[in-house]
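Only one structure is covered here, and it is reproduced in the block below.
The values are calculated or read from the model by the stated rules, or taken from the named source; none is laboratory data. Computed from a predicted model, the values in this text were never measured in an experiment. Here the Cβ positions follow ideal geometry from the backbone for every residue, glycine too, while neighbour counts run over all protein chains shown. These area figures cover heavy atoms from the full protein model, side chains too; ligands, DNA and RNA do not enter into them. Shrake-Rupley method; radii C 1.70, N 1.55, O 1.52, S 1.80 Å.
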Amino acid sequence: VDDISVCRKGTEDTTDAPWATNPFWGALGLSIALSLSREAVIEWMPTYLVTSNLLQVGGASMVSAIIPIGAAIGTLYLGNAYYRVSGVKRPKSFLTFVLLAGAFFFCIPAGRHSLPLMIACLSAIGVTLGGAYATLLGEVATSIGGKSRVATTTSMIDGIGSAGGILAGRGIAELANTLGWSMVWSSLGVLCLLSGIGWLIADKDDRQVLT
């Protein structure tokens, strides 16, 4: 069976309310975490590069553009590669994208002293965040809501995740002013890691109940 919900019985036909399942709430947490992380790194990276004396304003903006470019690549490449993985292994593959994105956030402070390292780090963050979010709104949303409710499930997950991106503004600024930039990137990394693990636990619990 080539589906992320291989252990769920009749998800496509019997799921009347996607929000009544544990994976749905796990997916909401993931969406908020990924959206917040993506918006924060895109919005604040130019400021970080300038304040770290690594680049001037113009160069910082150009380097920061690597993140959305990487996200586009991740959406296309990782999303396509994901569907080449067998169904029973897809949850682990998806989790790998999320955990890698979280891990790369911890590398940002090290890149403040090396432009090539920073470029590599930002590229990796963009690719993994893009791949993870595309997979979340595609296969994961379909497995939760079934084909008949995939539009509703996707819009709810994406909409609430986008609302979470609002915190990337003032929230990140307050955290940077209070605890410093290293804490900002570490916090985003921890957020991705915990949300990924939380989704895996919720998904596994739901499989055990339905089998």
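Structure values in brief
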quantity: Criterion violated by Val209 - all others in (1) at pLDDT 80 or above; (2) of a type in the set (Val, Ile, Thr); (3) surrounded by fewer than 14 Cβ atoms within 10 Å (Cβ to Cβ) satisfied; calculated: (1)
quantity: Positions within region 171-196 being of a type in the set (Val, Ile, Thr), open to solvent by 40 Å² or more (accessible area, probe 1.4 Å) and touching a helix residue (DSSP H, G or I) at 6+ places or on another chain (Cβ under 8 Å), in sequence order; calculated: Val190
quantity: Criterion: farther than 13 Å from Trp181 by Cα, part of a loop (DSSP other than H, G, I, E, B) and either touching a helix residue (DSSP H, G or I) at 6+ places or on another chain (Cβ under 9 Å) or at pLDDT 90 or above (or both) - qualifying residue of Leu28, Leu54; calculated: Leu54
quantity: Near pairs, Cβ below 7 angstrom, 6+ apart or cross-chain, from region 71-83 (β-branched (Val, Ile, Thr)) to any residue that is modelled with pLDDT of 80 or more; calculated: Ile73/Val127; Ile73/Gly130; Thr75/Gly130; Thr75/Gly131
quantity: Count - residues of region 167-193 that are in contact (Cβ under 8 Å) with a residue 24 or more places away in the chain and of a type outside the set (Gly, Ala, Ser); calculated: 10
